[in-house]
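Read-outs: derived from the displayed coordinates by stated rules, not from any lab. What you are looking at is a predicted structure, and each value in this text was computed from that prediction instead of being measured. Glycine gets a Cβ as well: all are built from the backbone with ideal geometry, and neighbour counts include every protein chain shown.
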Amino acid sequence: MTNPVYQTVIVGGGFTGLFTALYLSHEHYARSVILIERESRFSFKPLLYEYCTGEMDAEEVWSPYEELLKGSGVIFVQDAVDAIDLPKREVRVTSGTSYNYSNLVLALGSVTGYSGVEGAKEYALPLRTGEDALAIDKKLHQCLQQASKTQDPEQRRRLLTVAVIGGGPSGIEMACTLANLLPNWYSALGGNLQEIRVLLLNHGKELLKGDVNTHLRPVALEALQKRGVELILGAAATAVRPDSVEYTRDGKSETLSASTVIWTAGTAANPLIKDLPIPQEHRDKHGRLQVTPTLQLLDFPEVFAAGDCAFTKENPQPPLAQVAYQQAAAIAFNLRALALGHDLKPAHVHLRGTLMKLGIEESVASIFDRYEIKGEIGHLIRQGTYLEMLPTPIHDFNVTKEWLNDEIIHRYINSDDGTKTAVRAIEVVGGVVVTALVARKLLQMVSNDDKSHKS
Ligand SMILES: Cc1cc2nc3c(=O)[nH]c(=O)nc-3n(C[C@H](O)[C@H](O)[C@H](O)COP(=O)(O)OP(=O)(O)OC[C@H]3O[C@@H](n4cnc5c(N)ncnc54)[C@H](O)[C@@H]3O)c2cc1C
């Protein structure tokens, strides 16, 4: 069906959707662009732990779309998409409105998968949005407060036990961060920090199995052990109750009393993606949609899809923000090419390496899988890499500037052996990240200098 409406609709405003919209705006795309997203704020998922711990603010990792898209010309519709009719080229939202499109971008990501575990959806806390981070923060504070007041040792033990389900990168990052954080919070309430328990339950006997970060397993194990995180491996969660989690291990059923259960154990296809009339042979085993190297659906070439809801057979990529972010640029390029009657180009995704948070101000960065950098320098590289990706130049600039002042300049360059540390970091990572950040700091200083001369 040909459609007279020359408008591009993007569904989902995560890494793929938001960045496609921003790239289109930067490239002065001539057609109107509508971004439909159910949330009012963009959650920068890799830095949500920092938001939980108070290391970063909401304005940095959970910004309102209205602010991020200000001046971009993109029409933002905050609503949930109910149905997508590919043959009719129509998207319907909960409020009842329908949007026709000439091009559609499917950027709906994935959803938390609970694998049918009883009570998991009701009682375990997921971490996908800024709101989830706030809910975790609130729950943990409530538990610690109650624990500091109760005289009942059993109740106190339960309140002070946190079970993280899932030994992938998110579970490890969460467990390490909480193991650092909770003792600080609890001792501020006058509690005995030795009573805090953080446990990591994993279905398999090995952490990070089948993940792009598998090679970081020894570093992750060391970080978990150093922080006293208790590992329960080979344990399949069977039920989550308001104050406990049940699991089977070696054929035996066991129950762990824990007032806080955090669920990082799985993802599932977005129901809207599942419902599309795309045959099984054009999907993978997770239900993701197969796209061409130019990121178009095989059966509907006017529709682009990328990020966690799509895959290419030619160059399959892991479900990562850095992948979605680069694919967004490719989709924007191809949409513009289509509008101008130019040739489309295949998306080229280059993984920059893998990065994992291993507690407060500690991370491991595996740069191009050649250099493994741990500790605080790893933390700087991880934050630097993600700050480079924060949306909109103004926002990015402000946050990077603040972080550079705090971290690079005050802690490293001004410290006694700071110059040595910074130089070592530059050597180790081939200069890429740290040099870029220091260069930006210099630019900022020059620009401030310029302004003070003018005023
Ligand atoms: C806790 C956590 C930590 C992570 N850490 C890292 C990391 O360190 N490094 C890394 O590279 N990747 C990381 N990831 C993975 C990364 O965030 C994803 O790969 C990336 O977000 C995928 O982008 P996307 O655009 O496909 O989906 P998303 O970013 O998930 O965006 C999908 C959007 O669609 C919206 N949506 C869904 N359904 C509807 C609907 N019906 N109507 C309207 N809107 C809808 C959602 O609200 C969401 O905004 C992490 C993920 C999580 C959950």
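As a calculated quantity, the FRET efficiency between residue 95 and residue 231 at R0 = 41 Å, using C-beta atoms, amounts to about 0.30. Taking other C-beta atoms within 10 Å as the exposure proxy, 49, 29, 371, 123 rank 371, 123, 29, 49 from fewest upward.
The amide H of residue 258, built 1.01 Å from its N in the peptide plane, has 244, 245 as neighbours under 5 Å, considering only residues 5 or more places off or on other chains. When 115, 148, 170 are arranged by Cβ crowding within 10 Å, least crowded first, meaning fewest neighbours, the order is 115, 148, 170.
Using the structure shown, list the pairs from 121/274; 205/357; 70/139 with a Cα-Cα distance above 27 Å, or answer none. 70/139, as the Cα separations exceed 27 Å there. Here's how it looks for residue 355: its modeled amide H is under 5 Å from those of 366, which are all 5 or more places away or on a different chain. Calculated FRET efficiency, residue 351 to residue 194, Cβ-Cβ distance, R0 = 35 Å: about 0.30 to the nearest 0.05.
Once you order the gyration tensor axes a ≥ b ≥ c over the Cα atoms, which shape class does segment 120-265 get: rounded for a/c under 1.5, otherwise prolate or oblate by comparing a/b with b/c? In terms of gyration-tensor shape, prolate. Residues whose amide H falls under 5 Å from that of residue 300, counting only those 5 or more places apart or on a different chain, are absent, with hydrogens built in the peptide plane. Label segment 40-79 by shape, choosing from rounded, prolate and oblate, from the square roots a ≥ b ≥ c of the eigenvalues of the Cα gyration tensor; if a/c is under 1.5 it is rounded, and otherwise prolate applies when a/b is larger than b/c, oblate when it is not. Because a/c hits 1.5 or more and a/b exceeds b/c, segment 40-79 counts as prolate. What the phi angles of segment 44-60 give under the Karplus curve with 6.51, -1.76 and 1.60, with θ = phi - 60°, is a coupling list of 7, 4, x, 10, 5, 4, 5, 6, 4, 8, x, 5, 9, 8, 4, 5, 8 Hz, glycine and proline written as x. Note on segment 295-336 and segment 188-261: Cα centroid distance 34 Å, given to the nearest whole angstrom. Each residue of segment 293-309 is assigned a 3J(HN,Hα), and the resulting list reads x, 8, 6, 9, 5, 5, 8, 9, x, 7, 10, 9, 8, 7, x, 6, 9 Hz, derived from the Karplus form 6.51 cos²θ - 1.76 cosθ + 1.60 (θ = phi - 60°), x at Gly and Pro. For segment 1-43, the residues whose amide N sits under 12 Å from a probe point set 7 Å from the Cα of residue 75 along the beta carbon direction are 5-10, 32-36. Computed 3J(HN,Hα) for segment 188-204, one whole-Hz value per residue from the Karplus formula 6.51 cos²θ - 1.76 cosθ + 1.60 where θ = phi - 60°, is 5, 8, x, x, 8, 5, 5, 7, 6, 10, 10, 10, 10, 9, 10, 4, x, glycine and proline marked x.
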